Amino acid sequence: MVERWRRELHILWISSFVIQMGFSLIMPFLPLYLEELGVQGPSVEMWAGVIFSANFVVMAIVSPIWGSLSDRIGRKPMMLRSAFGMAVVVALMGLAQTPWHLLGLRFLQGLAAGFIPAATAYMANVVPREKSGQALGLLGTGNVAGSILGPLAGGVLARWMGYRPIFYMTAVTCLVAGLIVLTLIKERFTPVEKSEQGGFAAGLAAVRQYPVVMAMAVVLFMNMFSILTAEPVLARYLQMLDAPEGWVTTLSGLVFSITGVATIIVAPQVGKLSDRIGSRRLLAVALGGASVIYILQGFATAVWQMIALRFVLGLFTGGLMPAANGLIARTVPREMQGRVFGFTSSAIFIGNTAGPLVGGFVASTFGLRSVFPVTGLLLLIDLIWVLVSVREVIHKPEEEVAS
């Protein structure tokens, strides 16, 4: 018979995949949808940038609040709030008549966020501590897979059925994901005592009480930041590397997505390894390797080199999230993990927003190639931060039983 935590891990993987696809499906055709809504000329790019960033800004603000609330009322209600909220908001996007409607709905989409940190906190609570890295690493691949396949599916479906039906179809899948959680996830939740609650302030108190949380928040921020700094310059950089005319967009998508493919391959293995040898050493290897690979990208002379380097980059950065989440799960008491994972999710969303902005600024100021060594240097600084600030106690299976 399959253990309860393994069965629920598979359920939440599927749900996380669907929810993350819903967040990213719109991106390939967003500028074209804005044109359909009446936006013309250079304003299309401006609106697309603002609308793209809107939900990440809101998510960064509200994630600690939702995380703290999940410690008080349970993780399952937070997952249901997010899944059903996404279903409603995405369906309304298909009815938008102006860019302002779409912008407002993207803000609401940010408010509907919180499924991933709630699912992470739920799994961290039910899985044996000595298997937390393995479980959270595998769960994270659902998120990554949704991020990769969402834009690809959005681009294909837009050509096949147009723009508005995609929103309705995505809303239905989010609704189904919520119903799966509602019917198949059986949470046994014991809320913390009222004196231990404190909403947002309690979340900050948990961060101060466990310094490893801040260290891992920086790691997770740098993970998303480093991957996305190249996003605004990738197409032009490939042009500079003599990418075939007419294939630049396709190759840009391949170069960007190949990092996520490598992450899906390596994350469960890193999570499992972190349970055996601890996360600190794995974080050091991942950050050091990613720093070197990023610097090498600045010296690339052909497109195939970028494809290979971005794949290897994913093998290193793909180990950061499972190692970091596993370390948090083994260190922070389970009744506080909702607010803690909410806090680290905010760091991820800030990295989502800051990466492209910083990458664009560095490229415009110092040239396209400069983005890569600058990012590599920042990863090296993060490595030093981890070595100095992180201490770890590894939980063995027998310790778990004894406790």
Members of the stretch 36-79 that are assigned to a helix (DSSP H, G or I), farther than 21 Å from Ser147 by Cβ and touching a helix residue (DSSP H, G or I) at 6+ places or on another chain (Cβ under 6 Å): Val44, Trp47, Pro64, Ile65, Ser68, Ser70, Asp71, Arg75
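Whether any residue in the stretch 181-193 is basic (Lys, Arg) and at pLDDT 85 or above is what I want to check.
Of all residues in the stretch 181-193, those basic (Lys, Arg) come to 186, 188.
From what's left, at pLDDT 85 or above: 186.
Yes, because at least one residue in the stretch 181-193 is basic (Lys, Arg) and at pLDDT 85 or above.
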In the stretch 100-133, what residues are under 19 Å from Ala83 (Cβ atoms) and among the hydroxyl-bearing types (Ser, Thr, Tyr)? Thr120, Tyr122
Can you tell me which residues in the stretch 208-231 are of a type outside the set (D, E, K, R) and more than 18 Å from the chain's Cα centre (by Cα)? Gln209, Tyr210, Pro211, Val212
Out of all the residues in the stretch 64-81, which are under 15 Å from Asn125 (Cβ atoms) and either in contact with a Ser or Thr (Cβ under 8 Å, 6 or more places away or on another chain) or aromatic (Phe, Trp, Tyr) (or both)? Gly67, Pro77, Met78, Met79
Just a yes or no: is a residue in the stretch 343-354 open to solvent by less than 30 Å² (accessible area, probe 1.4 Å), in contact with a Pro (Cβ under 6 Å, 6 or more places away or on another chain) and under 24 Å from Pro128 (Cβ atoms)? yes
Is one or more of the residues making up the stretch 383-394 free of Cβ contacts under 8 Å to residues at least 24 places away in the same chain, within 27 Å of Gly271 (Cα to Cα) and assigned to a helix (DSSP H, G or I)? yes
Looking at the stretch 279-334 only, could you name the residues that are part of a helix (DSSP H, G or I), of a type in the set (S, T, N, Q) and open to solvent by 10 Å² or more (accessible area, probe 1.4 Å)? Gln305, Asn325, Thr331
Against the condition open to solvent by 10 Å² or more (accessible area, probe 1.4 Å) and in contact (Cβ under 8 Å) with a residue 40 or more places away in the chain, how does Ser63 come out, does it pass? no
Restricted to the stretch 36-60 and to residues being touching a Pro at 6+ places or on another chain (Cβ under 8 Å) and open to solvent by 30 Å² or more (accessible area, probe 1.4 Å), the residue modelled with the lowest pLDDT is Glu45
Could we say that Val90 is part of a helix (DSSP H, G or I), aliphatic (A, V, I, L, M), surrounded by fewer than 19 Cβ atoms within 10 Å (Cβ to Cβ) and modelled with pLDDT under 95 here? no
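The values are calculated or read from the model by the stated rules, or taken from the named source; none is laboratory data. Bear in mind the structure is a predicted one, so any value in this text is a computation, not a measurement. Glycine gets a Cβ as well: all are built from the backbone with ideal geometry, and neighbour counts include every protein chain shown. SASA here: full protein model, heavy atoms, side chains in, ligands and nucleic acids out. Shrake-Rupley method; radii C 1.70, N 1.55, O 1.52, S 1.80 Å.
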